[in-house]
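Reviewing the structure listed below.
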Amino acid sequence: MIVATHRVKFEPVDIEIDVDQDENVLQAAFRQGYMLAHGCKAGQCSACKAYLLEGDTDLAKYSTFALSDMEREEGYTLLCKTHVYSDATIELLHYDEDTLRNANPIRTVPTRVAEIEALTHDIRRLRLTLVTPGDMPFVSGQYVDIHVPGTDETRSFSMANTAVQRDYLEFIIKLYPGGLFSGLLENGLKPGDPLDVTGPYGTCTLRERSQRDLLFLGGGAGMAPLWSLVNALAETGSKRKVVYYYGARTPRDIFYASQMSAIGSRLPNYRSVLALSEVGPGQDWNGEVGLITDIVDRLEPDLTEHEAYICGPPPMVDAAIALLERRGIPPERIYFDKFTTTASPDRALAQRR
Ligand SMILES: Cc1cc2nc3c(=O)[nH]c(=O)nc-3n(C[C@H](O)[C@H](O)[C@H](O)COP(=O)(O)OP(=O)(O)OC[C@H]3O[C@@H](n4cnc5c(N)ncnc54)[C@H](O)[C@@H]3O)c2cc1C
C-alpha cells in the first residue's frame, strides 16, 4: 500500500520535514534528525504541545489532561498524536536551538541483557550489551525506549552510563508493583536475553557552549541521567562549578552514596548533597533531612547565574522547576526529564484498583 506523504513546516524555526500519513509528526521529526521538545510520547504529558497554523490534521487517542477540549478547539495539538492529511504549518511553543538540529537519527537496535543488580529494595541497575558496538550513538543525558518482550509496548529509560561507552547501555530502574517492564527485572529477564531498544531521545543534555555553574537535582531513579551527565563532566576534567543534589526517602532507598562523593576527586569544583525526606527515630543518618527542593532552597544562597538539570518523578520535577524559577533561574536555563509513566491510562487505572 502506498502511504501519502505531506510537507510540514515548523515556525518560527524554519524547518520542513516529510510526514507519512501513518506516522505522527513527532516520529517523523525524530526520523529526520530533529529533536523536538517532548515527554511521554504517549499523549499524556503535554510536553510536545504545539499550535496548528494551517493544514488538515487529526489526533490519535490522547488524554484530555494533556490537551483540553478547549485548547484543541483553539488550534493546539499534541505532536506525538498528530497525523497530517495535507501540507501543514505548525508553530512550536517550546524548542531549544542547541538540541533541535543534527540529532542522532532514531533507530531500533538489538541488545542482550548483561547484568541485573539490586541497588536497593526497589531499584535495579540493568546493563544491556549492544549486539553491534557503537550502534546506538547518544549524547549523555538522553534516553531510549526499551521494547517490552511479547507486547507492542515500550518504556522509556535514561542511560546512566556516558556516551563514550560504545558497547553497552546502563540503566537505573525503579520497580513498580505489576510494572510491565520493571516487573521483568524481578523474575522475567536473565543475562543473555534479547531486548530491542529504540532511540536515542531527549534534550536533557549538557549545553557544551555554556560555562555557567551547574546545579543537578534528582530523586529516585532520576539518578540515571544525572549520573551520566556528572560522569561526562568528570571524563573531560571540567572545571565548571557543579553541585549535585539527590533526594531519597528513607535510609534503605540510598544507593551510590560513596560514588556521589568520590566523583569529587575527578571534578575540582564539585559538591554533592544527599538528603532523606523520611528519617524515623533511631535511624542512623547524619546527613540532610527534608524534601530535596527545600534543602536546595536553604543551602544555595544565589542561583541566579546557574544552569539547572532536573530528573525524577513528575511531582518532584514540577516542585523543583517552581523553586528554581522563584530563585531566579529563567526557564530557558532549566532542563529536565519528567519520568512520566508510559502505561496507558486504562492499564494504569486497572492496576490502581
Ligand atoms: C523521558 C523518560 C525517561 C525515563 N527514565 C527512567 C529511568 O531512567 N528509570 C526509571 O525507573 N524510569 C524512567 N522513566 C519511567 C519509565 O518509562 C516507566 O514509566 C516506569 O519505569 C514504569 O514502567 P513499568 O512498565 O515498570 O510500569 P507500568 O506497567 O508502566 O506501570 C505500573 C504501575 O506503576 C505506575 N507508575 C508507573 N510509572 C510511574 C511513575 N513514574 N510514577 C508513579 N507511578 C508510576 C503506573 O501508573 C502503574 O500503576 C522515564 C520516563 C520518561 C518519560
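A Förster radius of 45 Å combined with the Cβ-Cβ distance from Glu71 to Glu300 puts the calculated FRET efficiency at roughly 0.80. Model label sites at Val289 and Lys190, defined 7 Å from Cα along the beta-carbon direction, differ in position by 4.4 nm. Just round it to a whole percent: the fraction of Cα-Cα distances in the chain exceeding 28 Å. Percent of Cα pairs beyond 28 Å in the chain: 45.
A straight Cα-to-Cα reach below 18 Å connects Lys190 with the aspartates and glutamates Glu115, Glu117, Asp122, Glu170, residues fewer than 8 places away in its own chain not being considered. At full extension, Arg271 and Arg112 could sit 53.7 nm farther apart than now, given 0.36 nm per residue minus the alpha carbon distance. Once backbone amide H atoms are built at 1.01 Å from N, Leu195 has Thr111, Arg112, Val113 as its partners under 5 Å, excluding neighbours fewer than 5 places away on the same chain. Which residue fluctuates the most in the chain, going by a Gaussian network model with Cα springs under 10 Å, if the choices are Gln32, Gln259, Gln211? Highest fluctuation of the listed residues: Gln259.
The phi torsions of region 59-66, fed into the Karplus equation with coefficients 6.51, -1.76 and 1.60 and a -60° offset, translate into couplings of 10, 6, 3, 9, 8, 6, 5, 7 Hz, rounded to whole numbers, with Gly and Pro shown as x. Dividing the mean sequence gap of close Cα pairs (under 8 Å, 6+ apart) by how many residues the chain holds gives a relative contact order of 13 percent.
In order along region 219-232, the Karplus-derived 3J(HN,Hα) couplings, from 6.51 cos²θ - 1.76 cosθ + 1.60 at θ = phi - 60°, round to x, x, 6, x, 4, 4, x, 5, 4, 4, 5, 5, 5, 5 Hz, and Gly and Pro are given as x. Could you calculate the FRET efficiency of Asp318 with Leu93 from 1/(1 + (r/R0)^6), where r is the beta carbon distance between them and R0 is 25 Å, rounded to 0.05? Computed FRET efficiency for Asp318 and Leu93 comes out at 0.90. Computed over the chain, the per-residue total of -39500 (n - 2.57) for DSSP H runs of n ≥ 4 gives a 222 nm mean residue ellipticity of -5000 deg cm²/dmol, rounded to 500. For Tyr270, nonlocal amide neighbours, meaning residues 5 or more places apart or on other chains whose placed amide H falls under 5 Å from its own, are Val242.
Checking the Cα-Cα distances for Lys49/Lys338; Lys174/Lys239; Lys49/Lys174 against a 23 Å cut-off, the pairs over it are Lys174/Lys239; Lys49/Lys174. Across Arg249, Arg326, Arg127, mean-square fluctuation computed from a Gaussian network of the chain (C-alpha pairs under 10 Å connected) peaks at Arg326.
A convex hull fitted to the Cα coordinates of region 107-203 yields 92 cubic angstrom per residue. Residues whose amide H falls under 5 Å from that of Tyr176, counting only those 5 or more places apart or on a different chain, are Ser182, Gly183, with hydrogens built in the peptide plane. Using Cβ point charges alone (K and R +1, D and E -1), the dipole size of the chain about the Cα centre works out to roughly 1160 debye.
Where a number appears in this text, it was derived from the coordinates with a stated rule and is not lab data. All figures in this text were calculated on a predicted structure; none of them were measured in a lab. Ideal geometry is used to build each Cβ from the backbone, glycine not excepted, and the neighbour counts take in all protein chains shown.
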